[in-house]
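The block underneath contains the structure these notes are about, expressed in structure tokens.
The values are calculated or read from the model by the stated rules, or taken from the named source; none is laboratory data. Just so it is clear, the structure is predicted and the values come from calculations on it, not from any experiment. Neighbour counts are summed over all protein chains in view; Cβ atoms, including those assigned to glycine, are modelled from backbone coordinates with ideal geometry. Surface accessibility is based on the protein's heavy atoms, side chains included, excluding ligands, DNA and RNA. Shrake-Rupley method; radii C 1.70, N 1.55, O 1.52, S 1.80 Å.
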Amino acid sequence: ENGIQRPKGHKVSFHYNSHVEDMHFGKTHPMKPWRLTLTKHLVLGHGLQYAMDTYEAVSAGTDEVRKFHAPDYVDFLRQVSPKTFPELCKIPRFTRAIPPKHEGDSVELGPYNLSTSPGADCPVFDGMSEYLFLYTGATLAATHQLTSGACNIAINWSGGLHHAHKAEASGFCYINDIVLAILDMLRVYARVLYIDIDVHHGDGVEEAFQRQPRVMTLSYHRYGPYDETGHKFFPGTGDLEDIGLKGTPGEHFALNVPIPSGIDDRQYKFLFEGVTGRAIEAFNPSAIVLQCGADSLGGDRLGQFNINIKQHGECVAFVKNQHLPLLLLGGGGYTARNVARAWCHETAIATDNKLVDKVPYFVPRIEAFKGRAHGDEKMYPSFERLHKNECKDADLEYMVKKLEHD
Ligand code: TV7
Ligand code: CA
Ligand code: ZN
């Protein structure tokens, strides 16, 4: 009736557990797991579940998480909650991970960059441990579906947390599910290409594979000189010159595309297809992981790009058209209604479906979708000229040439 069909010639598996929706990072924290509720409602409202195999995720095991993360960090994450945090901070094994306090620090940091202060990027909150191991479990299940050949595209919108380090949380990310997925894929695939269209630099993934020539990391992100407040756009890394660790086999197997604010669809398409196309040609990957952070959309609460949902989706379509095993992950995205629209649209792209440009009738009138009658609100809003466009075409052309050379 809604015209949703199974794709012909390939299979898609979708991994999710509604439990992740109940989590709260804190009142004013920009990361809102309920954006995943909106995404779920849109996906189901459009009937996309009939086009894929859907799986309820189970938590990752500590052994699986230790394949990348330090054992003591994994133990800490397993046990931590607002109640246990003060006691855990006193255990000698964990106290060495507490960073020194500096004069004027607004938030007090505990071990592993975790904190119970209200302004912290990586707060300790109720249910946090369950949440972390659940999104990681979903990514690992998706990865197994791919590596076992059960599907060609596997999706986990609750994953894609690219900043987490071996023994440290960073930028709303605690467990680096992407690194764990790629490590697992390396058992089956000769070469894995990682592409990251989140507005932030995929530093955790790049760092983990900086010596590894079998993994090429390619991140598109906001990057530039210090702003008026004397800060760099987070995390401040990912310069055009950074191409993997010098003097190791990994040199030349990292690519970074630093982008000024306000980049528009046409410019992003030129960069993305030019650079990604050449990277695929040169690297000849056996499989691809695409982190689809939706904070690169116009109107994002933290982002500074002017990309529309259409172009964000065209990046997914371009990668899908390579016809390689593909893992699609979420990531950032801080204007929840747009995150849901983008990821639902991209679920449709993965399954070769076209959605009607209307919010489906069955989507509950919650938060972002209330107000107007169902069917009135556009599925695909356009975000025009929201940020001052500081992108010069000539600089983008220079970048494609330079990266082609690297
Ligand atoms: C993948 N930007 C993650 C992106 C991580 C960005 C940052 C905030 C922020 C945190 C808050 C908050 C915020 C309105 C925005 C240098 C600091 C400045 C904390 C206030 N409001 C992803 C991480 C980035 C926390 N961090 O790539 C609680 O913005 O810039 C910073 C670091 C130190 C810490 N302070 C911010 O998208 C998922 N944080 C409100 C409450
Ligand atoms: Ca990125
Ligand atoms: Zn981001």
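Some observations on this one:
- Residues whose placed amide H lies under 5 Å from that of K166, excluding near-sequence neighbours: none
- Rg over Rh, two decimals, the chain (C-alpha only, Kirkwood Rh): 0.95
- Value at 222 nm in deg cm²/dmol, rounded to 500, when DSSP H runs of n ≥ 4 in the chain each add -39,500 (n - 2.57): -9500 deg cm²/dmol
- If you run the Gaussian network model on the chain, springs between alpha carbon atoms under 10 Å, then out of A350, A394, A342 the most flexible one is A394.
- Percent of Cα pairs in segment 292-357 per distance bin of 10 Å, from zero to the largest separation: 22, 55, 22, 1.
- What a 1.4 Å probe finds exposed on segment 247-406 is 52% carbon and sulfur by accessible area, rounded to a whole percent.
- Whole-Å distance, taken between Cα centres, linking segment 117-136 and segment 94-111: 18
- Dipole check for segment 1-138: with +1 at the C-beta of Lys and Arg, -1 at the C-beta of Asp and Glu, and the Cα centre as origin, the magnitude is about 280 Debye.
- Convex hull volume per residue for segment 324-365, taking Cα atoms only, in Å³: 94
- Taking a ≥ b ≥ c as the square roots of the eigenvalues of the Cα gyration tensor, an a/c ratio of 1.5 or more together with a/b no larger than b/c marks segment 1-75 as oblate.
- Ligands, DNA and RNA left out, the accessible area of segment 68-176 computed with a 1.4 Å probe is 53% carbon and sulfur.
- Comparing mean-square fluctuations of P360, P100, P285 from a GNM of the chain with C-alpha springs under 10 Å, the top value falls on P100.
- Shape descriptor for segment 233-351: Rg over Rh equals 0.96 (Cα atoms; Rh from the Kirkwood inverse mean 1/r).
- A Förster distance of 30 Å, applied to the separation of the beta-carbon atoms of N389 and N321, puts the FRET efficiency at 0.60.
- Residues in segment 263-288 that a label on K310 would reach, taking backbone N under 11 Å of a point 7 Å out along Cα→Cβ: 265-266
- Counting all C-alpha pairs of segment 138-273, share separated by more than 25 Å (%): 29
- Full-stretch length increase - Y361, E228 - with 0.36 nm per residue and alpha-carbon distance subtracted: 43.4 nm
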